[in-house]
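Just below is one structure, and these are the notes that go with it.
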């Protein structure tokens, strides 16, 4: 099928993104001491030997002499000292490496955490920046630092590693496994050849048991094999040999606010890697979310950001029932595998999560369900946490309304009798529950029970109940009150959730409509600011690029003042198209969070958000809404930019057609009289008395014609109207015809040409190249004495064919090698020669239109050298054997 | 006997100048200021040559080429320098040569002479041609250079034969490719470049400063005229 043979667009996109990017090579080891750094240095030294530009960004020798011996031949970028709480720490000097821009940089310890105050919190982010800058990086890491394997390693070593590296870092890297059998490693350890910090020695003694090392080694081997496998797959799908993701598997993982959520997410990632399937991470925002403690909220945000860093697509869905939402999303994303977590706690009877899992198991078909059991740490919960939440006002209203009913019933009881009073008490209970929630309803129910008993059940004015029937009445009253109260409260929160959903949707829709209606950049920015401010309820600003920085163009009442860190974060977001600032991975010291508006036309603007007192301005439950709003804002910017460009293009088009008409008439109207003059002068005899005058007319007419052509050519160049017709061309042809043409006007000048007859054909526009050469020869003739020969040489240079035009004149003035190609730039002796001063500008314009370059230089021993360089890409590889 | 030369140009000063130059050189001249007038002249008499400006007020000059071609009238096109695609189109439609404005009247007269000479010879096609030091025998398929035989490949010979059959005339890339490599290869300019280069190595004195096979940038190649005739400057 041709369908399957077509390369997948995603894979091609990844290939394209990789182009121009540095490559990452990771030396992966099972444990410290296997010799990763040593191998990396060895390879670095080899590359250096082979002529590559290799430097060390940062490598720790830990005082070992064999490592130091390997470091010594390699240039080292000095580290950057960072002052942290009076202590001076040193880190890799990222800016210095970027500035130095080597081909390859060695950066040890991929998982390292940078000292606070560095640009990025993690070293892998530094490396990412180096790669983006086009620098190849070699680095080292141990298997236990791989994010998705963190739990697995922890489960058998009982050592938790805090410094983890996201799996995506490994995705495009070349991975070299440094393998050492456990016996040898233990031997090396015993011989003191492995660097271990003193304080960690005890913990590591256990870590280095043979069992652990065997398990780690197996893990590392498997992991490396998996990446190789993934890369083969990707390569195949990029070249159209295979159809993308393995068998259409899709994974949905439900993320909760529990600490075990991280384990669940990592398990899903391992599954995704094994199946080569995409993951969607789902968070269901139930009414219970409103009762989350701050620590739970934090945990949720952490779980979601972990999922995102592992490459999952985030989804946040408001719903009253978690199982319904999970099942609906399963259908929506057509998941084939569902990953759920289940608390392994003592099975608390009120835990609704157990029910969720059971429910889902009962109701799905065709989906593989993975249940990941985890221990839930519920320590730190106080009794108060188990009280239903509510407000004191609600409680007061409950008691007040019961009291009011009691008074009314008391006054009316002689008239209505005691019979219906128990029923009447339901009124304040239900009313309170529906308006103020479950707790207020409960308070009202208890109060109603107490009041009914005290005032109406005999013996009145005591809490004693005689009749068993009355006992049942009182209990029933409380039960009915509790049940109706709960029902009313649930209906109320469902309604509130639906209302919020509806409000958000309506807000989004209104935002989109309004964005469609505005026409100017300023209005758009202001509208985006106002709408995001009201929908997300955080301080919002819009920044646009300006000069080499950014500028706030929409804000609230007063323009906020940005600190240098804030500014740096905003510029980072603009430049890299990634989130920066508070709550992100980059420049976290900023008070603001900056989100780029990414479009197909690049990052057009940046949004800045500031929450109350340094907290993440966009909490997890608002992330999805914020995402949609930012998308809308980006779309609006894109639309606006496209419109502006189209308008500008229309203006240019009109101006172009006007100018083309002008040019055509100029060339025709000036040329016709000039043709008559030239031809007529040629027909006149130069032998008579007026011979000299006729000669003057002839040569001046010729000069005028030259000048006119130059003007027209230059106008075409500046209009961008030069559209070269690039065809395979023999430089011999072009040079010979230029020399031939010039023979007419420069009779008597000696032109020596030497053309390498083995030069390949090149793609060029023969007319333009011929013209450029004519101008160069003409220039050479003008600026040198008539008896000096002009030389023209075509040869193969280092980067492609080269044409030199050399003269023996005074040479171009020192320092004007570049300026000489400007319009109206002339050599020192120009007064005498009377050229238009346009010739060289035309040479440059024509050469550049064909993708060639020109340069001028002073010759040693006098004279100038003008060189046209043709890139090797223009070579047409064809030989006599290829010709039929 | 002395048939006239038709000047087709909408600019009066040009027509007047051309008439003076032609008459001075001994030719009779007829003028037409538009395509309609030119076709009118063609009905009453067949000129011996036409000087055709392509920018005419009523019709594109290119459309007239066919009409003159039918009557075997040699055509020299007058055109502006930039218009290399226009020149190629004119040549491919059957024009014999072109002169770029502004031109020298001497140069124009030389082109006219060469053009008329070719027109004369084409009635009795020569089978043995001499170009500079090179002699081509179209029947014997042999090439001699200064009396020693030059071995050419079949394609090189065909290329030389096509060029030598129209001495002094510019043959466009398309024309040469069609004649030598066939209509399927008319876009393979690189074939022609390589062919010309290898041919030059065998017949030119200095292949890096070719004298016999001359290039017209962006248009094509011409073989220079036989030496003994090319006296006209």
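Every read-out reported here was derived from the displayed coordinates using simple, explicitly stated rules and does not represent laboratory data. Keep in mind it's a predicted model, so treat the numbers as computed, not measured. All Cβ positions, glycine included, derive from the backbone under ideal geometry; neighbour counts span all protein chains shown.
Give the calculated FRET efficiency between residue A:328 and residue A:537 to the nearest 0.05, with a Förster radius of 25 Å applied to their Cβ-Cβ distance. Walk me through the intermediate numbers first.
Numbers: r = 28 Å, r/R0 = 1.11.
With R0 = 25 Å, the Cβ-Cβ based efficiency is 0.35.
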* How much length, in nm to one decimal, is gained on full extension between residue A:423 and residue A:87, taken as 0.36 nm per residue of separation minus their Cα-Cα distance? -> 113.6 nm
* **Computed over segment B:1-72, Cα set: Rg, Dmax in Å** => 11.5, 32
* Once label points are set 7 Å from the Cα along Cα→Cβ at both residue A:627 and residue A:225, what is their separation, rounded to one decimal in nm? -> 3.5
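In which sequence would B:201, A:122 go, from the one with the fewest C-beta neighbours within 10 Å to the one with the most?
On the way: B:201 12, A:122 20.
In increasing order of surrounding Cβ atoms, one gets B:201, A:122.
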* Within segment B:24-61, which residues have the backbone N less than 12 Å from the label spot 7 Å out from residue B:116 along Cα→beta-carbon, could you tell me? => B:24-29, B:48-50
* Asked: If you stretched the chain out fully between residue A:501 and residue A:355, how much longer would it get, using 0.36 nm times the residue separation minus the C-alpha to C-alpha distance?
  -> 50.0 nm
* Asked: Can you give the helix-only mean residue ellipticity at 222 nm for chain A, where every DSSP H stretch with n ≥ 4 adds -39500 (n - 2.57) and the sum goes over all residues, rounded to the nearest 500 deg cm²/dmol?
  -> -16500 deg cm²/dmol
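Report the extension gain between residue A:799 and residue A:68 in nm, rounded to one decimal, defined as 0.36 nm multiplied by the number of residues separating them, less their alpha carbon distance. Before the final figure, lay out the partial values.
Working: separation 731, 0.36 × 731 = 263.16 nm, distance 3.89 nm.
Gain in length upon complete extension: 259.3 nm.
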* Distance (nanometres) between label positions extended 7 Å along Cα→Cβ at residue A:38 and residue A:391 -> 7.0
* Structure fact -> Checked segment B:148-191 against the a/c 1.5 cut and the a/b vs b/c comparison, axes a ≥ b ≥ c from its Cα gyration tensor; verdict oblate
* Asked: Which value in deg cm²/dmol, rounded to the nearest 500, describes the helix-derived mean residue ellipticity at 222 nm for chain B, given -39,500 (n - 2.57) per DSSP H run of n ≥ 4 and division by the residue count?
  -> -12500 deg cm²/dmol
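Per residue, what volume in Å³ does the convex hull of the Cα atoms of chain A enclose? Present the calculation step by step, with values, prior to reporting the outcome.
Working: hull volume 249.6 nm³, N = 884.
Value for chain A: 282 Å³ per residue.
Would you tell me the mean number of C-beta atoms belonging to other protein chains that fall within 10 Å of each C-beta in A:723-735, as a whole number? Each step should come with its number before you reach the end.
Working: counts 0, 0, 3, 0, 7, 7, 6, 10, 1, 9, 11, 3, 3.
Per-residue shielding by partner chains comes out at 5.
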* Asked: Under the classification rounded if a/c is under 1.5, otherwise prolate if a/b is larger than b/c and oblate if not, where does segment B:128-223 fall, given a ≥ b ≥ c as square roots of the Cα gyration tensor eigenvalues?
  -> prolate
* Structure fact -> So the FRET efficiency between residue B:16 and residue A:785, C-beta based with R0 = 45 Å and rounded to 0.05, is 0.60
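Specify whether the C-alpha gyration tensor of segment B:4-121 places it in the rounded, prolate or oblate class, a ≥ b ≥ c being the square roots of the eigenvalues: rounded for a/c under 1.5, otherwise prolate if a/b is larger than b/c and oblate if not.
Details: a/c = 1.12, a/b = 1.07, b/c = 1.04.
Rounded is the answer for segment B:4-121, as its axis ratio a/c remains below 1.5.
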* Asked: Using a Gaussian network model of chain B with C-alpha springs under 10 Å, which one of B:24, B:111, B:36 is most mobile by mean-square fluctuation?
  -> B:24
* Structure fact -> If one builds a Gaussian network model of chain B from Cα atoms under 10 Å apart, the most fluctuating residue listed among B:194, B:88, B:143 is B:194
* Asked: Where in segment A:645-665 is the amide nitrogen less than 15 Å from a point lying 7 Å along the Cα-to-Cβ axis of residue A:600?
  -> A:645-646
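For an R0 of 51 angstrom, estimate the FRET efficiency from the Cβ-Cβ distance between residue A:881 and residue A:750 and round to the nearest 0.05.
On the way: r = 38 Å, r/R0 = 0.75.
Computed FRET efficiency for residue A:881 and residue A:750: 0.85.
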* For the residues A:467, B:165, what sequence is obtained by ranking on other C-beta atoms within 10 Å, fewest first? -> A:467, B:165
* Structure fact -> With label points set 7 Å from each Cα along the Cα-to-Cβ direction at residue B:107 and residue A:132, the distance between them in nm comes to 5.8
